[in-house]
Amino acid sequence: MAKYHLTLAHLYGDLMNTYGDIGNVNALQYYARQMDTDIAVKVISIEDDFDPNKFDIALFGGGQDYEQTVVSKDIQSKKAGIQEFIEDDKPMLAICGGYQLLGHYYISAAGEKIPGIGVLDHYTLSQDHHRFIGNITIQNEETGQKYHGFENHNGRTFLGKGERPLGMVLSGHGNNGDDKTEGAIHKSTFCSYFHGPILTRNGELAKRLLIKALENKYPQADLSQQKALTIAPTF
Ligand code: GLN
């Protein structure tokens, strides 16, 4: 029996799961076990309520334009809960289509405007008959950590107020192919275009999310063993 217990909301885990993004759940559980922590996972999907008080950590994967259109309609009713979760500084990871839907809107490959929930201040445009596809490496400016992944997106995202990039592009395209930013960070919400899945290849990010979730839930706990966990590079 683990000492610590976390509950994870897998937002639209049945619809938003391109390129094996569900591997992020497995990676979190793998690292959590080494931190004497278990994670109960609940998929929150169409017509489910999202109560931010019931969850310690959240994942939101990528999706095709069609699935994003379906999720876009449903997620509007969960906006208040998701906003509260984010502003309470609870850790969330949003990938690609999930990242786009946390922002104001995404213009699909067909030119359709798919509304997001605007809890983060970015927006996403389309590109004509082109996608950003390939391996990508970025560097986080605060920690100096390098993250590795695989991007495949039509969207070109532009960051807004209160957002800083997850990293600056060393190779690849990133948010929009122009400003060298990739992903977004706001409070403890991390967004990225990286598949791979991102946490299996970048365990330091998994560790960051888990430590934050444990600190929030167990403010009195001595987490020195958890913080000392060494993450072997897996890329
Ligand atoms: N459909 C979106 C795009 O093409 C997101 C893709 C994804 O999640 N992989 O930009």
Practice prompt. Give the calculated FRET efficiency between A2 and D88 to the nearest 0.05, with a Förster radius of 41 Å applied to their Cβ-Cβ distance.
Written response: 0.95
Worksheet item: According to a simple spin-label model (label point 7 Å from Cα along Cα-to-Cβ), what is the distance in nm between Q76 and Q220?
Response: 4.5 nm
Worksheet item: Can you list residues whose amide H is under 5 Å from F190's amide H, if they're 5+ apart or on another chain and H is modeled 1.01 Å from N?
Response: M92, L93, A94
Worksheet item: Order of 29-39, 146-156 by packing, highest average Cβ count within 10 Å first?
Response: 146-156, 29-39
Worksheet item: With r defined as the distance between the Cβ atoms of N26 and D178 and R0 fixed at 30 Å, what FRET efficiency is calculated, to the nearest 0.05?
Response: 0.30
Worksheet item: So, in Å, what gap is there between the alpha-carbon centers of segment 79-109 and segment 175-232?
Response: 16 Å
Discussion item. Can you tell me the length gained on complete extension of the stretch T230 to Q127, counting 0.36 nm per residue apart and subtracting the Cα distance?
Written reply: 33.0 nm
Worksheet item: Around G177, what is the net charge, scoring Lys/Arg as +1 and Asp/Glu as -1 over all other residues with Cβ under 15 Å from its Cβ?
Response: -2
Worksheet item: Taking the Cα centre of segment 45-164 as origin and charging only Cβ (+1 Lys, Arg; -1 Asp, Glu), how large is the dipole, in debye to the nearest 20?
Response: 380 debye
Worksheet item: Just how large is the dipole of the chain about the Cα centre, in debye to the nearest 20, putting +1 at every Lys and Arg Cβ and -1 at every Asp and Glu Cβ?
Response: 440 debye
Worksheet, complete the sentence: Counting only DSSP loop positions in segment 38-142, the chymotrypsin sites (Phe, Trp or Tyr not before Pro) whose Cβ has at most 12 other Cβ atoms within 10 Å are none
Worksheet item: Which percent of Cα pairs goes in each bin when the distances of the chain are cut into 10 angstrom slices starting at zero?
Response: 8, 36, 38, 16, 2, 0
Worksheet item: When all alpha-carbon pairs of segment 68-197 are counted, what percent fall beyond 25 Å?
Response: 19 percent
Worksheet item: Ranked highest first by the average count of other Cβ atoms within 10 Å around their residues, in what order do 70-83, 164-177, 219-232 fall?
Response: 164-177, 70-83, 219-232
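Each value in this text was obtained by applying a stated rule to the coordinates, not by laboratory testing. Since this is a predicted model, take the numbers as computed values, not measurements. Heads up, the Cβs are rebuilt from the backbone with ideal geometry, glycines too, and the neighbour counts pull from every protein chain shown.
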